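Structure first, commentary second.
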Amino acid sequence: MSAGGHRRCAQVLNEALHEVFAARDDVDLLGEDVLDPYGGAFKVTQGLSDAYPDRVLTTPISEASLFGVAAGMALRGRRPILEIMFGDFVALGFDQIVNGISKFREMYDDQVTVPLVVRTPMGGRRGYGPTHSQSLEKLLLGVPNIVVVAASECHDLRALLVAAVEDERPVFLLENKLMYGRPNRRPEHRHVGEFEVRETGGPYPALTFSATGFSEGSATVVTYGGMLPVVLDAVTELVLEHEIFCEVVALSQLAPPELDPVLESVARTGALVTAEEGTLTGGIGAEIAARVQEAAWSDLRRPVQRVAARDGIVPSARPLEDAMLPSARDVVEAVLVLEAVRS
Amino acid sequence: MTALATLYERMLFVRRFEETLLDLFSQGKLVGTTHTYIGQEANGVGVIDHLDPAVDTIFSNHRCHGHYLAFTDDAFGLLSEVMGKATGTCGGKGGSQHLCRGNFYSNGVLGSIVPVATGIALAEKKKGTGAVSTVFLGDGTLGEGVTYESLNMASLWTLPVLFVVENNHYAQSTPVELELAGSIRARAEAFGVETDELDTTDVEEIHAAAGRAVARIRETGAPFWLVLHTYRFSPHSKGDDNRDPAEIEARRERDPLTVAGARLEDDEREAIAVRVEQRLAETVAAAEEAPFAEPEAA
């Protein structure tokens with residue numbers, strides 16, 4: 001337990017893993033250093049190998065092949081969960097992701113499915129430097145036939161993991177390094193702190209936050225994953241310092257894009273800011289902006305603003321990393337730009 | 001029919017099927033590309049005779065027609081797939097090198113298939129089916145690093161994988177001397193994997209060696225690395241061949257059909273040829289009649 005009575009996100013994910021292992025004996029977990037007592041680099045698999053020694057496999061450091069091994073298992077009726085220690089290492093698996101995992105079902109004319117789950121933490125702000133801090137989800141976003149899900153500290157992490165394991169499609173469940181140690185702040189009585197929260201249905205819901213009961217809003221900020229607490233800090237500051245009220249949409253399903261909650265919010269607010277931790281160019285914000293202007297041009301009073309990391313590396317030294325990654329201040333300034341355009 | 005005659009008939013069917021494919025290509029009746037197995041038939045036919053299509057699995061590569069026919073005997077599905085017909089084994093979506101039927105799979109990126117075959121073996125081991133997961137690779141695939149990651153895992157986890165390395169001496173146009181260092185066999189031995197190595201086009205020798213390899217896997221549950229030195233007479237795909245014609249001609253003396261055919265009586269060989277031509281003609285006629293693949297109505 002932690003402050004506020006919320007369990008930490010890593011613990012919730014750990015319990016969810018134990019739950020799916022108990023519920024289904026066709027689930028296996030593969031990854032590096034996942035065995036007890038170590039229990040994974042971020043401790044999410046703790047206790048699992050002691051409880052299920054035959055179904056938790058610690059692997060060589062062979063990510064490029066492990067994606068293929070998991071695919072082969074999924075083709076033959078197992079439901080593997082592949083833990084990739086750092087999201088950066090997904091880069092090693094791209095041949096398997098692009099030319100195998102995402103293709104088998106469709107190119108084999110629906111004779112097979114590939115029900116695997118890849119769990120991996122993205123994100124910086126821990127000083128791990130250029131190859132252990134990235135948010136690479138945009139590289140997955142353009143791959144057809146896979147589901148990309150971003151967990152945030154306000155999502156039902158248990159439900160996301162269970163849904164991913166039950167999904168017949170390949171699912172990338174993107175976790176976040178800072179999120180692991182933070183409380184899983186689920187809405188209580190439809191509120192997180194001062195925000196009222198609406199949650200969509202479906203396996204990978206979106207959460208929409210409003211500090212005004214959805215009655216007043218100058219802009220919508222769409223975000224996901226580890227950027228959610230940053231954005232919530234920013235919109236709190238906008239209220240306190242500028243008396244500007246924003247709605248926040250926290251997606252979990254990034255791909256295939258599911259933007260109805262964004263469109264609904266933009267219909268109320270008339271303006272959109274996208275906020276992601278990955279680098280700007282070709283990012284998720286670009287895709288969302290394109291889709292929102294196609295679908296809701298008449299709702300937009302002002303141009304879409306994108307907040308993202310500078311196109312470059314994630315430096316290790318804290319001041320350099322802070323300068324490179326998007327901050328609450330960047331989100332505040334993007335909203336203020338919209339306000340300036342309006343006035 | 002003797003065992004040899006059966007193997008010979010399968011090899012001849014693969015050979016004539018692919019010669020027919022090249023003819024149909026020149027007539028503009030095929031789409032995309034194709035990589036033929038002409039000259040290597042003894043490998044696929046000799047190995048696959050030991051596999052049970054109801055239990056065992058195969059993951060093959062871009063040069064997969066011979067493996068597919070030997071395992072599934074589905075000539076119509078393959079031909080109509082390559083012709084872009086709706087009746088193709090993958091409804092025309094895969095084409096020549098992306099096939100799936102039952103326990104047979106193929107894919108077009110070298111090396112990519114090896115970890116997947118390893119994962120298949122892991123799943124089958126967990127399910128306790130006793131299946132052998134066979135993966136066909138070539139000298140070119142030995143340049144892909146995931147091959148060695150897979151060997152490591154297959155050995156480490158004692159997985160029933162039969163690695164069949166068909167060294168046809170060319171990676172597309174590049175001779176093996178320019179793409180491969182060291183020993184093919186020792187690569188697997190370094191991982192503690194049992195091996196065998198043959199330099200022959202004699203289907204009976206290959207059949208016997210493959211039988212020993214598959215039996216070892218069924219007995220131990222451990223992987224096996226079977227190296228078959230071979231040669232393809234056909235180009236890498238269709239017209240792309242810069243090899244010295246004299247080199248190819250010299251190899252034709254070891255044509256697996258000639259080697260095996262010499263051990264059959266003339267009348268048996270001729271009867272087989274008649275059956276093969278008749279089946280092939282029926283297959284081509286049926287595939288020509290079949291409807292083309294069409295996008296689903298929106």
Springs between alpha-carbon atoms under 10 Å, Gaussian network over chain B: tell me which of B:27, B:97, B:40 tops the mean-square fluctuations. B:27
Point-to-point label distance, residue A:340-residue A:58, nm (Cα→Cβ direction, 7 Å offset): 5.5
Roughly speaking, what is the centre-to-centre gap between the range A:82-131 and the range A:272-338 when only Cα atoms are used, to the nearest Å? 24
Net dipole in debye of the range A:5-101 [+1 Lys, Arg Cβ; -1 Asp, Glu Cβ; about Cα centre; nearest 20]: 240
In whole Hz, the Karplus estimates of ³J(HN,Hα) for the range A:248-263 (6.51, -1.76, 1.60; θ = phi - 60°; x where Gly or Pro) are 10, 10, 9, 6, 10, 7, 8, 9, x, x, 10, 10, 3, x, 5, 5
Check which residues have an amide H placed less than 5 Å from residue A:249's amide H, if you skip close sequence neighbours. A:209, A:221, A:222, A:223
What is the set of long-range amide H partners of residue A:306 at a cut-off below 5 Å, with H atoms built 1.01 Å from backbone N? A:274
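Kindly identify the protein assembly as shown as rounded, prolate or oblate by the Cα gyration tensor criterion: order the square roots of the eigenvalues as a ≥ b ≥ c, call it rounded if a/c is under 1.5, otherwise compare a/b with b/c, prolate if a/b is larger, else oblate. Walk me through the intermediate numbers first.
Working: a/c = 2.63, a/b = 2.04, b/c = 1.29.
Here the protein assembly as shown falls in the prolate category.
Looking at chain A only, what percent of DSSP beta bridges run antiparallel? Nearest 5 please. Each step should come with its number before you reach the end.
Numbers: 13 of 47 bridges.
The answer is about 30 percent antiparallel.
Which shape class applies to chain A: rounded if a/c is under 1.5, otherwise prolate when a/b exceeds b/c and oblate if not, where a ≥ b ≥ c are the square roots of the Cα gyration tensor eigenvalues?
Numbers: a/c = 1.74, a/b = 1.59, b/c = 1.09.
Since a/c reaches 1.5 and a/b is larger than b/c, the shape of chain A is classed as prolate.
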Karplus-derived 3J(HN,Hα) from phi for the range A:308-318 (6.51 cos²θ - 1.76 cosθ + 1.60, θ = phi - 60°), whole Hz, x at Gly and Pro, runs 7, 6, 4, 5, x, 7, 8, x, 7, 4, 4
Among the lysines, which have Cα under 24 Å from the Cα of residue A:43 when same-chain residues fewer than 8 positions away are ignored? A:177
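Can you tell me the relative contact order of the range A:3-180? Whole percent, Cα pairs under 8 Å, sequence separation 6 or more. Walk me through the numbers on the way to the answer.
On the way: 331 pairs, mean separation 40.9, N = 178.
So the answer I get is 23 percent.
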Given H placed 1.01 Å from N in the peptide plane, which residues other than close sequence neighbours of residue A:57 have an amide H under 5 Å from its amide H? A:29, A:30, A:31
With charges only on Cβ, +1 for K and R and -1 for D and E, what is the dipole size of chain A about its Cα centre, in debye, rounded to 20? 220
Taking only DSSP H segments of four or more residues, each worth -39500 (n - 2.57), what value at 222 nm results for the protein assembly as shown once the sum is divided by all its residues, to the nearest 500 deg cm²/dmol? -12000 deg cm²/dmol
Which one of A:120, A:66, A:164 is farthest out on the positive end of the charge dipole of the range A:3-180, using unit charges on Cβ (Lys, Arg +1; Asp, Glu -1) and the Cα centre as origin? A:120
By a straight-distance test (C-alpha under 19 Å), which lysines pair with residue B:85 as possible cross-link partners, with residues fewer than eight away in the same chain excluded? B:29, B:93
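For residue B:26 and residue B:286, FRET efficiency with R0 = 25 Å and r from the beta-carbon atoms, rounded to 0.05?
On the way: r = 21 Å, r/R0 = 0.83.
The value I calculate is 0.75.
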Please compute the contact order of chain A in relative form: average sequence separation of alpha-carbon pairs under 8 Å and at least six residues apart, divided by the residue count, as a percent. 15
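With the Cα gyration tensor of the range B:131-236 giving a ≥ b ≥ c as the square roots of its eigenvalues, does the rule (a/c under 1.5 for rounded; else a/b larger than b/c for prolate; else oblate) give rounded, prolate or oblate?
On the way: a/c = 2.16, a/b = 1.31, b/c = 1.65.
Oblate.
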Given a cut-off of under 8 Å on Cα pairs at least six residues apart, what relative contact order in percent is computed for the range B:49-112? 38
About the Cα centre of the range A:85-221, what is the dipole size in debye to 20, counting +1 per Lys and Arg Cβ and -1 per Asp and Glu Cβ, all else neutral? 460
Mean-square fluctuation check for chain B, GNM, Cα pairs under 10 Å: which of B:208, B:262, B:75 is largest? B:262
For residue A:333 and residue A:189 in one chain, what is 0.36 nm times their gap in residues minus the Cα-Cα distance, to one decimal in nm? 48.7 nm
Among A:39, A:77, A:295 the positive-end extreme of the charge dipole of chain A (Cβ point charges): A:39
Once each part is reduced to its C-alpha centroid, what is the distance from the range B:222-284 to the range B:25-67 in angstrom? 12
If R₀ is 30 angstrom, what is the calculated FRET efficiency for the pair residue A:322 and residue A:7, using the beta carbon separation as r and rounding to 0.05? 0.55
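No lab work stands behind these numbers, since they all come straight from the coordinates. Source: prediction; values computed, not measured. Every residue, glycine as well, gets a Cβ built from its backbone with ideal geometry; the counts of neighbours run over all protein chains shown.
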